[in-house]
Amino acid sequence: MNVQSVNNGLTLGTDDLEGVSALKAPGFIQQINRAEQDGFDTLAGYFRCKFEPGQQRYTLHVMIQPAMPSVPEVETMALDLEQVRIRLTDCKVYGLRAEIVLSQPATKATSVLVEVVAASPLTVDRS
C-alpha cells in the first residue's frame, strides 16, 4: 500500500476494492466520484494505468473541475499490483499529477489500478 499525504496531514478514508466489482471488469478505464460531505469537498477516483512491454513509468493526470476551495490533501494507492511506487508530483486546486513506477520494466502489457482520494475543507480560513 502506498499512501501519500500533502499539506497538513489530514487522514482520508478509502473504500475496499473487494466490494466494487465494476473496477475489475474488462475494459474499465476510470471512475470518479465527487461529493461534499462532513465539511469537505472530496474526490475519489479509480484509474487503470496501462503499461506497454518495456515501460516502467506512467504519468497520471487528474483534472478537478470545478476547482476545490484550497489545495487538497491527497492519498494514492495501487490496488491490484505489488511492487509499485506512486509519487505525487504536482497538486493544485484544479488537478493533480502522479507518477506510477513499476519496480522493473513491464515484460508484457500490464496495468495497475490506482486509487486517488483528494479532499479540501469546504471553508477556507483566510486569516
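The values are calculated or read from the model by the stated rules, or taken from the named source; none is laboratory data. Computed from a predicted structure; not experimentally measured. Here the Cβ is made from the backbone with ideal geometry for all residues, glycine too, and neighbour counts use every protein chain on show.
Considering each of VAL74, VAL93, VAL62 in turn, give the residue that is without any contact (Cβ under 8 Å) to a residue 40 or more places away in the chain and within 15 Å of the chain's Cα centre (by Cα). Full working, then the answer.
Working: VAL74 fails: without any contact (Cβ under 8 Å) to a residue 40 or more places away in the chain; VAL62 fails: without any contact (Cβ under 8 Å) to a residue 40 or more places away in the chain.
The match here is VAL93.
Going by the conditions given, is ALA35 assigned to a strand (DSSP E or B) and among the small types (Gly, Ala, Ser)? Yes; evaluated as a whole, the condition is true for this residue.
The set of residues from segment 76-127 being of a type in the set (S, T, N, Q) and assigned to a strand (DSSP E or B) comprises THR76, THR89, THR110, SER111, SER120.
Based on this model, can you work out whether GLU73 counts as modelled with pLDDT of 95 or more, within 16 Å of VAL117 (Cβ to Cβ) and of a type in the set (Asp, Glu)? Walk me through it before giving the result.
Working: modelled with pLDDT of 95 or more: yes; within 16 Å of VAL117 (Cβ to Cβ): yes; of a type in the set (Asp, Glu): yes.
Yes, satisfied.
Does PHE28 satisfy the condition of being among the aromatic types (Phe, Trp, Tyr), outside any strand (DSSP E or B) and surrounded by 14 or more Cβ atoms within 10 Å (Cβ to Cβ)?
On the way: among the aromatic types (Phe, Trp, Tyr): yes; outside any strand (DSSP E or B): yes; surrounded by 14 or more Cβ atoms within 10 Å (Cβ to Cβ): yes.
Judged against the criteria, PHE28 is a match.
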